[in-house]
Amino acid sequence: MSRKEAEAIERELSPPYTVARPKKLGLPLVFNSPHSGRVYPRSFLASSKLDPLTLRRSEDAYVDELFSFAAALGAPLLHAHFPRAYLDVNREPYELDPTLFRDGLPHYANTQSVRVVGGLGTIARIVSESEEIYREPLSVAAALERIHRLYLPYHETLSGLLLEAKREFGFAVLIDCHSMPSTPQTDKRSSRADFVLGDRFGTSCSSELTRIAARSLDSLGFCVALNKPYAGGYITEHYGRPHKAQHVLQIEINRALYMDEATFERTARFEELRDKLQTLIRGLLPGFPGLVVPRAAAE
């Protein structure tokens, strides 16, 4: 990548992410929307064999807007502007697919993870489970540039937000916000639940908090699944440390609840769903006292 191209991308992705902060922290919550970014650098579009609408199929479209009430509740919302197809911060920093690059990867790269093998590493090779993104292989230098300029600062910010909450309240709860296609790409005849809650099978979050969330969604009239097919990605696994008073609950929302998946237009149910999500979050509050652990144990 030339210096001119790098400077153009930096301008397009400035800022690369946003933290919508409350005037004052009022809750031990942090909201994160890592896949709702929709600023596609022109050079990235030019390097892809796919049209812009196809590239957006991996995007958690408008999830940041669905949780835009966070600051009003007293909690920050971190959301990316760069798209998941360009860089995925819900992966290890160096989950890299050797088939995607024209030169050798550094020794510390994880080239064998299930996500890499499936084409969905830190720099994705595919979207929509099968569509190859790039016209030709990338340079490793270009990948590392994305990781150092976008990935590492994003996670530094997320870590800082969780630390702020723990210092203020003694514990923190990260709500990792995502969306999913209404039907699996591999089986168009089947449909998915309205919501999938992921807590890495009870390891990233208090099981009681997960149960409260499931009951709340059920009372709101939604069909809820737990951990299948989404138990949580790198963020859930990496930051979920209940024994250290740090909990992560991933929420996957069926896109048919709020958008037309073919046109990416918001539907008339969008505002109603946002209101119900706020009801869901308020319903979690009674479970917070049970999340506090002795400070010595959390250190």
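At a glance:
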quantity: Of residues in the stretch 95-149 being β-branched (Val, Ile, Thr) and outside any helix (DSSP H, G or I), the one nearest to the chain's Cα centre (by Cα); calculated: 122
quantity: Options 155, 81: the member that is out of contact with any Phe, Trp or Tyr (no Cβ under 7 Å at 6 or more places or on another chain) and surrounded by fewer than 22 Cβ atoms within 10 Å (Cβ to Cβ); calculated: 155
quantity: Residue within the stretch 84-94 that is of a type in the set (Phe, Trp, Tyr), over 15 Å from the mean Cα position of the chain (by Cα) and not in a loop (DSSP other than H, G, I, E, B) present; calculated: no
quantity: Selected residue (criterion: surrounded by the fewest Cβ atoms within 10 Å (Cβ to Cβ)) from residues of the stretch 247-292 that are under 25 Å from residue 227 (Cβ atoms) and of a type in the set (S, T, N, Q); calculated: 279
quantity: Check on residue 108, out of contact with any Leu (no Cβ under 6 Å at 6 or more places or on another chain), over 18 Å from residue 230 (Cβ atoms) and free of Cβ contacts under 8 Å to residues at least 24 places away in the same chain; calculated: yes
quantity: Flag for residue 157 being of a type in the set (S, T, N, Q), touching a residue at least 12 places away in the same chain (Cβ under 8 Å) and touching a helix residue (DSSP H, G or I) at 6+ places or on another chain (Cβ under 8 Å); calculated: no
quantity: Entirely in the stretch 167-230, the strands (runs of 3 or more DSSP E) that have 3 or more residues that are among the hydrophobic types (A, V, I, L, M, F, W, C), in contact with a Pro (Cβ under 6 Å, 6 or more places away or on another chain) and farther than 24 Å from residue 84 by Cβ; calculated: none
quantity: Matching entry among 100, 120 (being modelled with pLDDT of 95 or more, touching a Leu at 6+ places or on another chain (Cβ under 7 Å) and within 28 Å of residue 181 (Cα to Cα)); calculated: 100
quantity: Residue satisfying all of: in the stretch 220-252; out of contact with any Ser or Thr (no Cβ under 6 Å at 6 or more places or on another chain) and hydroxyl-bearing (Ser, Thr, Tyr); farthest from residue 284 (Cα to Cα) among these; calculated: 234
quantity: Pair list, Cβ < 6 Å and 6+ apart or interchain, from the stretch 231-247 residues that are farther than 16 Å from residue 89 by Cβ to residues that are in a helix (DSSP H, G or I); calculated: 244/298; 245/298
quantity: The lone exception for residue 70 - which of (1) among the small types (Gly, Ala, Ser); (2) in contact (Cβ under 8 Å) with a residue 40 or more places away in the chain; (3) surrounded by fewer than 21 Cβ atoms within 10 Å (Cβ to Cβ) it fails; calculated: (3)
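Residue-by-condition table, conditions (1) over 14 Å from residue 84 (Cα atoms); (2) surrounded by fewer than 18 Cβ atoms within 10 Å (Cβ to Cβ); (3) hydroxyl-bearing (Ser, Thr, Tyr); (4) out of contact with any helix residue (DSSP H, G or I) (no Cβ under 8 Å at 6 or more places or on another chain):
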{"position": "9", "(1), (2), (3), (4)": "yes, no, no, no"}
{"position": "16", "(1), (2), (3), (4)": "no, no, no, no"}
{"position": "19", "(1), (2), (3), (4)": "yes, yes, no, no"}
{"position": "25", "(1), (2), (3), (4)": "yes, no, no, no"}
{"position": "34", "(1), (2), (3), (4)": "no, no, no, no"}
{"position": "56", "(1), (2), (3), (4)": "no, no, no, yes"}
{"position": "59", "(1), (2), (3), (4)": "no, no, no, yes"}
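The values are calculated or read from the model by the stated rules, or taken from the named source; none is laboratory data. Just so it is clear, the model here is predicted, and its values are computed rather than measured. Ideal geometry is used to build each Cβ from the backbone, glycine not excepted, and the neighbour counts take in all protein chains shown.
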